[in-house]
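What follows is a single structure, written as structure tokens, with notes after it.
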Amino acid sequence: MFQVFRNAWMDTQLRKKILYTLFIIVLFRLGSNIFVPFLDNSAISTMMGGASLLNYLDVMTGGSLGKGTLLAMSITPYINASIIIQLLAVAIPPLEKLQKEGEEGRKKLNTITKFTSLALAILQAIAFYFTLRNGYTDSNGVHTAILKYGDIREANPDMFAVVLSAIVIVACFVAGASMIIWLGDRINEKGIGNGISMILFAGIVSGLPKAVTYFVSLCKENLANIGFVLLAIVIFIAMVWFVIMMTNAERRIPVQYAKRVVGRKMYGGQSTHIPIKVAMSGVMPIIFAMSLMSLPQTILFFFGINGTGDTFWDGFVRLFSQSSPLYAVIYFLLIIAFNYFYVSIQYNPVEIANNLKKNNGAIPGYRPGKPTSDFIYNSLNKITLIGAIFLGIVAIFPIILALCVPSLQGISIGGTTILIVVGVALETVRSLESQIMMRHHPGFLD
């Protein structure tokens, strides 16, 4: 990997693209530290412990949500919009047609995704504003207001201040989400590509100093914690290695093309394979499962129920918290189910078998048509099960670790973040390798 980056740096054009990408990332980090008016930032940081979805979004935004900054929503509206459009493309024929029209169709789908993300950003900003307006109540029953001005809980609230603060806060959050999409497009056009993923990568990696600080504080509090810290580091390295191995793993189905004569030339007779990735769905099933599992807790938190009381709904919130063993079990099963669902809308064994038949291709030992599609379907199911178990283990392992070793509960080594960071790093290396090969190919006389 380091050799690829060194070779890319030696190329003048690629060096400009890398520097431009770094410049965009610097702008992203600067925007992550511009505070939104009318908000008490310290109170927002305290509130982040109230709902697991807010904790998850805070990690995905690089801590911007917990500080109440301009880029607090980061790329979450765009990710949700992309998921929605991908699912609708299976059910709505016009979107499915655009998906098959090549580059022009992808541009139109990208435009639809951006408008959808704008609508989701407005809805998410409004929902987040009402959540902030409710404030935060700790375990002692002490209520903390988050809005500095325009608090509707006051005896005689200034309605002008209430409306003004609402408009400003929502407008800042929506503008920040739109700015993220614009920065990602700039990386795609003038940088090394994969813009949205690069910004997500930068946001997650920016939390690394906080994790290092937490390690150091654990060691300063008690020297006995050094063993726990070393254990966490070893586990983190092992998880990264495991994710890299499973991300690159694939099942190769052999394909043999028959020879055919066209005029005076003979075509075919080649042997190739159909690659089926073990983790072909990536991090999407985890995002689906996380959103669904966090929904009950987030809705109740929206109404001021944070699990600190003795009521039925407070117990319900604690049942769906990440510290609950039942949460880990349901989370694992949902990841497996969503992984099968996502793969089913991405792969169509019948279509693959028909394409092989049209091109005079066949899988050795299986007749073209239904036997070929059945073989691909069975192979796909087995690979999907392995990939689903892999995603489930990576996702729930930090939860199990926190339950077994409470001292490591504050360490953010979530499997989702590791999958994203490793996936983006591997994709960036592959992109740089392809661009290097395009610029440094052997000549005819070599």
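Within the stretch 166-188, being in contact with a Leu (Cβ under 6 Å, 6 or more places away or on another chain) and either surrounded by fewer than 16 Cβ atoms within 10 Å (Cβ to Cβ) or modelled with pLDDT under 85 (or both) holds for no residue.
The set of residues in the stretch 89-105 that are surrounded by fewer than 13 Cβ atoms within 10 Å (Cβ to Cβ) and modelled with pLDDT of 80 or more comprises Ile92, Pro93, Pro94, Lys97, Glu104.
Taking (1) touching a residue at least 60 places away in the same chain (Cβ under 8 Å); (2) surrounded by 20 or more Cβ atoms within 10 Å (Cβ to Cβ); (3) over 16 Å from Pro254 (Cβ atoms) in turn, Asn339 satisfies each apart from (1). Here Asn306 meets the list (1) out of contact with any strand residue (DSSP E or B) (no Cβ under 8 Å at 6 or more places or on another chain); (2) at pLDDT below 70; (3) closer than 27 Å to Phe397 by Cβ; (4) not hydroxyl-bearing (Ser, Thr, Tyr) almost entirely, failing just condition (1). When Thr69, Thr46, Thr12 are checked against the criterion of being closer than 17 Å to Cys172 by Cα and β-branched (Val, Ile, Thr), a single residue qualifies: Thr69.
Residues in the stretch 313-329 that are in contact with a helix residue (DSSP H, G or I) (Cβ under 9 Å, 6 or more places away or on another chain), over 15 Å from Leu403 (Cβ atoms) and surrounded by fewer than 16 Cβ atoms within 10 Å (Cβ to Cβ): Trp313, Asp314, Phe316.
Filtered by the rule that a residue be at pLDDT 80 or above, in a loop (DSSP other than H, G, I, E, B) and among the hydroxyl-bearing types (Ser, Thr, Tyr), the stretch 52-85 gives a lone residue, Ser74. Among the residues making up the stretch 15-41, those that are modelled with pLDDT of 85 or more and aliphatic (A, V, I, L, M) are Ile18, Leu19, Leu22, Ile24, Ile25, Val26, Leu27, Leu30, Ile34, Val36.
Residues that are among the hydroxyl-bearing types (Ser, Thr, Tyr), at least 2 per element: which helices (runs of 4 or more DSSP H) completely within the stretch 1-51 meet that?
Working: elements: 2-10, 12-31, 41-47.
Fully inside the stretch 1-51 and qualifying: 12-31, 41-47.
With the condition kept exactly as written, say whether any residue in the stretch 375-384 is surrounded by 14 or more Cβ atoms within 10 Å (Cβ to Cβ), among the hydroxyl-bearing types (Ser, Thr, Tyr) and within 19 Å of Met290 (Cα to Cα). Checking the stretch 375-384: not a single residue is surrounded by 14 or more Cβ atoms within 10 Å (Cβ to Cβ), among the hydroxyl-bearing types (Ser, Thr, Tyr) and within 19 Å of Met290 (Cα to Cα).
Quick one: is Asn360 under 26 Å from Glu96 (Cα atoms) and surrounded by fewer than 16 Cβ atoms within 10 Å (Cβ to Cβ)?
Here the answer is no, as Asn360 does not meet what is asked.
The values are calculated or read from the model by the stated rules, or taken from the named source; none is laboratory data. Quantities reported herein were computed from a predicted structural model and do not represent experimental measurements. Glycine also receives a Cβ, built like all others from the backbone with ideal geometry; neighbour counts cover every protein chain displayed.
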